[in-house]
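The values are calculated or read from the model by the stated rules, or taken from the named source; none is laboratory data. All values reported here derive from a predicted model rather than from experimental measurement. Note: ideal-geometry Cβ built from the backbone for every residue, glycine included; neighbour counts use all protein chains shown.
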Amino acid sequence: MNALPSDTLIADLKALILDAAEKEAPPGGLADDEVLFGPDSRLALDSLDALQVSMAIQERFGVRMPDSKDTRRALSSVAHLAEFLRTRRP
């Protein structure tokens, strides 16, 4: 699989996250380094959203996201997720 340019990957991930979690983009859009989960998140994503996002990532990119500290760190922001995928994509 060819690597996507960084901007394209970031845009794809933002769309994938919003779609998988069935959320609307927050006012002003989703920032690359914005917190996705927890009390500081404008999206207010929860553990079910994390499961849906990880399943969508596996389907779209072929990368399994086992429940681990690495996965939680990867899902902390779009930028972290993009870096996680860059290091693990086939």
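Kindly indicate which of Ala82, Ala50, Ala74, Ala25 is over 9 Å from the mean Cα position of the chain (by Cα) and of a type in the set (Gly, Ala, Ser).
Result of the check over Ala82, Ala50, Ala74, Ala25: Ala25.
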Being under 20 Å from Leu30 (Cβ atoms) and touching a Ser or Thr at 6+ places or on another chain (Cβ under 9 Å) is the filter here, so list the residues in region 58-73 that pass it. Met65, Thr71
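In region 1-29, how many residues are assigned to a loop (DSSP other than H, G, I, E, B) and under 14 Å from Leu81 (Cα atoms)?
Summing the residues that are assigned to a loop (DSSP other than H, G, I, E, B) and under 14 Å from Leu81 (Cα atoms) in region 1-29 gives 1.
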Could you tell me which residue of region 2-21 is modelled with the highest pLDDT, considering only residues that are over 16 Å from Leu75 (Cβ atoms) and out of contact with any helix residue (DSSP H, G or I) (no Cβ under 8 Å at 6 or more places or on another chain)? Ala11
May I ask you to list the residues in region 69-86 that are out of contact with any Lys or Arg (no Cβ under 7 Å at 6 or more places or on another chain), modelled with pLDDT of 90 or more and of a type outside the set (D, E, K, R)? Ala74, Leu75, Ser76, Ser77, Ala79, Leu81, Ala82, Phe84, Leu85
Residues located in region 10-29, provided they are surrounded by 13 or more Cβ atoms within 10 Å (Cβ to Cβ) and either in contact with a strand residue (DSSP E or B) (Cβ under 6 Å, 6 or more places away or on another chain) or on the phi > 0 side of the Ramachandran plot (or both): Ala21
Going residue by residue through region 30-46, is there one that turns out to be surrounded by 14 or more Cβ atoms within 10 Å (Cβ to Cβ), among the aromatic types (Phe, Trp, Tyr) and assigned to a helix (DSSP H, G or I)? no
Pull out all pairs, ordered by first then second residue, where Cβ-Cβ is under 6 Å, the residues are six or more apart or on different chains, the first lies in region 41-64 and is without any contact (Cβ under 8 Å) to a residue 12 or more places away in the chain, and the second is surrounded by fewer than 17 Cβ atoms within 10 Å (Cβ to Cβ) and assigned to a helix (DSSP H, G or I). Arg64/Gln58
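So, of the residues in region 54-71 that are hydroxyl-bearing (Ser, Thr, Tyr) and in a helix (DSSP H, G or I), which turns out to be nearest to the chain's Cα centre (by Cα)? Show your work before the answer.
Kept after step one, since they are hydroxyl-bearing (Ser, Thr, Tyr), are these residues of region 54-71: 54, 68, 71.
So of that shortlist, the ones also in a helix (DSSP H, G or I) come out as 54, 71.
Values: Ser54: 8, Thr71: 10 Å.
Only one residue fits best here, namely Ser54.
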